[in-house]
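No value in this document is a laboratory result; all are computed from the given coordinates. Note that the coordinates shown come from a computational prediction; the quantities given were computed from them, not determined experimentally. All Cβ positions, glycine included, derive from the backbone under ideal geometry; neighbour counts span all protein chains shown.
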Amino acid sequence: MAFKFILDEPDLLKDCVIASSSLLNEAVLTVDSNGVSLVSMDSANVALVEFNILAGAFRELEASEKTEFGVNMSDLVSVMRRVKSTETLEMSMDDGMLSIKISGNAKRAFQIPLIDVKKETKIPQLEFPASIEIKTEFLEDGISDAEIISDAVIFEADPDSFKIRSRGDNRTAELQMQKGEDGIVSLEAKDHVKSTFSLDYLKKMIKASKISDVASIKIGNDYPLRMTFTVLDKAHIGFVLAPRIEND
Amino acid sequence: MAFKFILDEPDLLKDCVIASSSLLNEAVLTVDSNGVSLVSMDSANVALVEFNILAGAFRELEASEKTEFGVNMSDLVSVMRRVKSTETLEMSMDDGMLSIKISGNAKRAFQIPLIDVKKETKIPQLEFPASIEIKTEFLEDGISDAEIISDAVIFEADPDSFKIRSRGDNRTAELQMQKGEDGIVSLEAKDHVKSTFSLDYLKKMIKASKISDVASIKIGNDYPLRMTFTVLDKAHIGFVLAPRIEND
Amino acid sequence: MAFKFILDEPDLLKDCVIASSSLLNEAVLTVDSNGVSLVSMDSANVALVEFNILAGAFRELEASEKTEFGVNMSDLVSVMRRVKSTETLEMSMDDGMLSIKISGNAKRAFQIPLIDVKKETKIPQLEFPASIEIKTEFLEDGISDAEIISDAVIFEADPDSFKIRSRGDNRTAELQMQKGEDGIVSLEAKDHVKSTFSLDYLKKMIKASKISDVASIKIGNDYPLRMTFTVLDKAHIGFVLAPRIEND
């Protein structure tokens, strides 16, 4: 057996898999002694998704060597959706299949096929002039507000404030938060920076807010966005999203 | 600035706008020292919608002169749906746009365009031989019951009872309430009166039941219906619906 | 009047009618001094549905002689959905129509037409080598698990365990319960038996789990399934489902 792991909090993996699946059709998962991880670009090459369930989150993690395997994300999601929060999840590789066992009052088992996925993806090295930690409910509000106006949204920061804006066809929406206000956990920005992103991608990315009440956002000027949701010592899921270059 | 108002109970305006929007594509709103009001016919000229948020409902109401402006109802509804009950709503006119500000933990702002709407509508003078105040849950039951039978519904009153009936294709439904019963707050009828109405319109009108537990209904014989929902000293929304002339 | 009955727990009849209606377009109901019953095959002749509301469940049951009448199930369901749990349901035959009266705070009445339904259906005499009583939540889990894999599901029992399995296109799902485990109320099986059934039918049948937390399942080898849900001394609803003959 290439690996076997047991999770008592299956939602960590479930929520990361479900949030990833809205951007990815297939993906490579890696299991090693550090935990379970995924790094993959969406098929349009606009967004990178990566998550990591850390070794400390597992009741049991047997992975003497590193194993990489490809799966169809819709296969994996359909099984993960069948796991309840209170159940225990066991995953292993078995006869060239991915074996998923769920233990609650009943014992349930699933097998799904492995697939060949060739692409290797690296998380790009980026430097961001602005970093914001924001309560996810405000991030969700800003993105939902923008949705009624346009299919693009502008993230904008300066040393004192963070804004989510959109404009289109004689209509505008803007959410503004000042440093020190309740929804802003931290804000560091050297200058005024601003980038425009696809609303459709952002809506998929913020599904990951299920795992954390706070989102970390890093932006620049007409530069990619990095958005990360973290469960301390247990898991994180992050995204890198290419900007739209637009005149605003 | 032509006007500015601040509402601490945004649901008053939100619920009236949403209920109106199911019948109206566009409308003229009027702001003056008496509050905010709307009077408009639906595009088929079958129903009149009017609402009024009274001056006493506002934390602040600056309107030295009367201002009338047209809006696309779907624009206005999409913004109003973004307001939470606990937030404060500010509305003003700004650079020929309608400016809507929402203050909760974050500050959010929207601008939507004004449009030209020419029609002026007056509430018709009508005299009704029968008036009923009914708890909205019973009204909703009667209308939902009728829905499984027909696309028309008969409202019928006599000095002692109020009925909501429908018949079609060998099937009937009837809700009957006696004067003095729990669901009837008041009932005044000189004679037996009966009129038939479009179920489709009634279903849209009773969406306004969100603002009040009691509906005021006035009917006659093959005569229009007047249905009103009131929040004492703060707001009301009312409808006048033309009857269907049918053999029953 | 051929019969009249009054039910203070309308959900007994409502839930049986709704569960039946997902398999039946029309049906014959029988009212006699034993209660109200239905026995009918679905139009594809794959499943038999039968339910019985026992005399003890009624506040009043007037049926000096046996009355049989046909109804369109969608007519009956649309009226039954309008009954609330706390209301009282009265049913009688009136002028060749089925009359349904609902009493809560308002009095509501419906009439729907009777129809001619010729077929008489008998519950087949079957002998089953395996009987399982299982908590419905586990049955629902097993069926929902199977749904992500295939359109068929295998029920399998041996003296010590009960399994719900499915397999298809390189994927498998299996729920397994051991005799004595929490979800298994009882298990009697002489041998290992196994039959395959249509998932689509099973999904419709388990809607009847609303009336009981425990399902009785009887199976054999490539043999029909009998599934029953019972409210002690008041009602039961049961199904007989033909097996799919497949190589597994």
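Points worth noting:
- Restricting the range C:122-201 to GluC sites (Glu not before Pro) in coil, as DSSP defines it, with at most 11 other Cβ within 10 Å: C:Glu127
- On the basis of the beta-carbon distance and an R0 of 35 Å, A:Thr86 and C:His192 show a calculated FRET efficiency of 0.65.
- Nearest-first distances (nm) between copies at A:Gly168, label 7 Å from Cα via Cβ: 3.8, 3.8
- Rounded Å value of the spacing that divides the Cα centres of the range C:64-126 and the range B:174-248: 30 Å
- Entries in B:Lys204/C:Lys210; C:Lys14/C:Lys107; A:Lys4/A:Lys66; A:Lys4/C:Lys179 that, when Cα-Cα distance is taken, lie over 22 Å: B:Lys204/C:Lys210; A:Lys4/C:Lys179
- Inter-probe distance in nm under a simple model that places probes 7 Å from Cα toward Cβ, at B:Asp158 and B:Met93: 5.3 nm
- Plainly put, the tip 7 Å out from Cα toward Cβ on C:Asp182 is 3.9, 3.9 nm from that tip on each other copy, the closest given first.
- Whole-Hz ³J(HN,Hα) from phi, Karplus 6.51 cos²θ - 1.76 cosθ + 1.60, for the range C:227-237, glycine and proline x: 10, 9, 10, 10, 10, 3, 6, 10, 6, 8, 10
- Amide H to amide H, with H built 1.01 Å from N, C:Asn221 comes under 5 Å of C:Lys194, counting only residues 5 or more places away or on other chains.
- With the label put 7 angstrom out from Cα along the Cα-to-Cβ vector, B:Glu68 ends up 7.0, 7.0 nm from the copy partners, going from closest to farthest.
- Taken along the Cα-to-beta-carbon direction at a fixed 7 Å, the label points for B:Lys119 and B:Glu68 span 1.4 nm.
- Expressed per residue, the C-alpha convex hull volume of chain C stands at 128 Å³.
- C:Thr30, A:Thr196 arranged by Cβ crowding within 10 Å, fewest neighbours leading: C:Thr30, A:Thr196
- Charge dipole magnitude, Cβ of K and R +1, D and E -1 - the range A:26-68, Cα centre, debye nearest 20: 120 debye
- At the listed q of 0.27 Å⁻¹, the Debye profile of the range C:22-61, built from one uniform point per Cα, gives log10 I(q)/I(0) equal to -0.85.
- According to the calculation over all Cα-Cα pairs in the range C:4-113, the P(r) per 10 Å bin from zero is 15, 50, 31, 4, 0 %.
- The GluC sites (Glu not before Pro) of the range A:1-92 meeting both criteria, a DSSP state outside H, G, I, E and B (loop) and at most 11 other C-beta atoms within 10 angstrom of the site's C-beta, are A:Glu65.
- Using just its DSSP H runs of length 4 or more, each adding -39500 (n - 2.57), chain B gives a mean residue ellipticity at 222 nm of -4500 deg cm²/dmol after division by all residues.
- Judged by the ratio a/c of the largest to the smallest principal axis of the C-alpha gyration tensor, the protein assembly as shown counts as oblate, that ratio being 1.5 or greater while a/b is no larger than b/c.
- The simple spin-label model puts a point 7 Å past each Cα toward its Cβ; for C:Ser33 and C:Asn170 those points are separated by 6.6 nm.
- At least 15 Å along the helix axis (C-alpha) and Kyte average at least -1.0, DSSP helices within chain A: A:10-21, A:136-147
- Average partner coverage of A:159-168, which counts Cβ from other chains inside 10 Å: 1
- At most 16 other Cβ within 10 Å, DSSP loop - trypsin sites (Lys or Arg not before Pro), the range C:36-127: C:Arg59, C:Lys66, C:Arg81, C:Lys84, C:Lys118, C:Lys119, C:Lys122
- With contacts taken as Cα pairs under 8 Å at a separation of at least 6 residues, the range C:4-113 carries a relative contact order of 32 percent.
- Among B:Ala157, B:Ile134, B:Leu225 the positive-end extreme of the charge dipole of the range B:130-241 (Cβ point charges): B:Leu225
- Kirkwood's formula applied to the C-alpha pairs of the range C:130-241 gives a hydrodynamic radius of 13.9 angstrom.
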